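In what follows, a single structure is set out as structure tokens and then discussed.
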Amino acid sequence: METLQQPQRTTHVLVDGENIDATLGTSILGRRPRPEERPRWERLLQFVERQWGQPTNGLFFLAANSELPMSFVQALLAIGYRPIPLSGGANQKVVDIAIQRTLEELKRREADVVLVSNDGDFIEQMDDVLDGRRVGLVGFTEFRNSAFAELTARGLEFFDLEYDVHAFNERLPRVRIIPIDEFDPTLFL
């Protein structure tokens, strides 16, 4: 007798690249990040796949109002992301709108989700998808919108892009609260 195999569950990884880049540049580095200082995005997909033991679908949302950054788009495709270049009016936050719509659609599907952003514009949609599925948030812990903390009781899992995902080749100049078990004085001497 043949048995039908259930399709393997997927984790959709939604990347708000503008938010991560702006936080990295403005709040951490104090300048525009150089290419070698930006996250190694392939490590994010690998991390989520290992962490939750299931395949990922990486969606990288880009505001591309007038020009498509082809070299970046090609790099994203090569490492397994689906770039989603968006355009809209001057007052529209096209990346936020698209991610909100994607989270609303995921509510109707059997899948897990990881949002990569520090932005509080997604609180309502993230709350809505916390219905028993696995839901994660990746960003910079100290810059994460504080309203996300209220969702931990409902199951939201937090991951730091640098400390958990290890998405950077070099240590970032961040100031954070260090658990004593992680304190290494050699990093400060």
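The values are calculated or read from the model by the stated rules, or taken from the named source; none is laboratory data. Source: prediction; values computed, not measured. All Cβ positions, even for glycine, are placed from backbone atoms using ideal geometry, and neighbour counts span all protein chains on display. Accessible surface is based on the protein model in full, side chains and every heavy atom, while ligands, DNA and RNA are left aside. Shrake-Rupley method; radii C 1.70, N 1.55, O 1.52, S 1.80 Å.
Computed quantities for the displayed model
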item	result
Count of the stretch 10-30 residues which are open to solvent by less than 20 Å² (accessible area, probe 1.4 Å) and more than 16 Å from Leu172 (Cβ to Cβ)	6
Flag if Leu86 is more than 21 Å from Leu156 (Cα to Cα) and in contact with a Pro (Cβ under 7 Å, 6 or more places away or on another chain)	no
Residue list for the stretch 70-113, restricted to those being within 17 Å of Glu18 (Cβ to Cβ), open to solvent by 20 Å² or more (accessible area, probe 1.4 Å) and touching a residue at least 40 places away in the same chain (Cβ under 8 Å)	Thr102
Looking only at the stretch 135-154, and only at residues there that are among the charged types (D, E, K, R) and surrounded by fewer than 19 Cβ atoms within 10 Å (Cβ to Cβ), the one that is farthest from Val113 (Cα to Cα)	Glu142
In the stretch 45-68, the residues that are open to solvent by less than 50 Å² (accessible area, probe 1.4 Å) and either within 21 Å of Glu142 (Cβ to Cβ) or free of Cβ contacts under 8 Å to residues at least 24 places away in the same chain (or both)	Phe47, Ala64
Residue in the stretch 31-38 that is open to solvent by 60 Å² or more (accessible area, probe 1.4 Å), within 13 Å of the chain's Cα centre (by Cα) and closer than 18 Å to Glu170 by Cα present	no
From the options Glu42, Glu2, residue that is modelled with pLDDT of 95 or more and either open to solvent by 20 Å² or more (accessible area, probe 1.4 Å) or charged (D, E, K, R) (or both)	Glu42
